Amino acid sequence: MSGPDDFPPNGPSRGVWIGPAVRASVPVVAPPLVAAVVGNGFIGRSSLAWFNELRRPGLQVPLPAFIVVGGVYYGLMGVVLQRAQRGQDTVLRNRTYAVLAGNELWNALLFGRRSTRAGLVGMLAFTPVVLALQHRAQRDRLARVAAGAYTAWVLGYDVPWSYRLWRLNP
């Protein structure tokens, strides 16, 4: 049985029709996807060559693990955006956007400027943004868990790693 959202109002042959499920997923999927593309634009071959020449902290995970963590991160931000959309929480949505933008700005600072100092300063400036997201996510259990996983990564890995990278490569 068909409902009112099954076909466009002017019939199936008029223009491009996007179903309600697709329309609802765009604000959840698009921001992390755009952030991933833009942020990784700062990591070109020459930036990776520079990065590979640096002395690495003992706690550094291998590059394939960074890629997995990055994918998980973008997925977690998508979950938080979905929860913000579902709860009509514009503050949570905007804080998630700020985290997505801040993470990509960090890529620009470390890789774009090729500066471990800028990477550390950027990480320290980024941490309160992540904590603000975590604070707002407390209102929704799933958002709290998703944001909490990333907050734990930032506090437990990113900050110490950025500090050690800078100390080894001033």
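The values are calculated or read from the model by the stated rules, or taken from the named source; none is laboratory data. All figures in this text were calculated on a predicted structure; none of them were measured in a lab. Don't worry about glycine lacking a Cβ; one is built from the backbone with ideal geometry, like all the others, and counts go over all protein chains shown. In case anyone asks, the SASA skips ligands and DNA or RNA and just uses the protein heavy atoms, side chains included. Shrake-Rupley method; radii C 1.70, N 1.55, O 1.52, S 1.80 Å.
Here are the numbers:
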{"item": "Subset of the range 138-170 (residues that are of a type in the set (A, V, I, L, M, F, W, C), buried (at least 19 other Cβ atoms within 10 Å of the Cβ) and within 15 Å of the chain's Cα centre (by Cα))", "result": "Ala143, Ala146, Ala147, Val154"}
{"item": "Among (1) surrounded by 14 or more Cβ atoms within 10 Å (Cβ to Cβ); (2) at pLDDT below 90; (3) more than 27 Å from Gln134 (Cα to Cα) - the single one Asn10 does not satisfy", "result": "(1)"}
{"item": "Lone qualifier among Val145, Val130, Val154 - being under 25 Å from Asn52 (Cα atoms) and without any contact (Cβ under 8 Å) to a residue 40 or more places away in the chain", "result": "Val154"}
{"item": "Odd one out for Leu133 among (1) farther than 25 Å from Gly44 by Cα; (2) open to solvent by 20 Å² or more (accessible area, probe 1.4 Å)", "result": "(2)"}
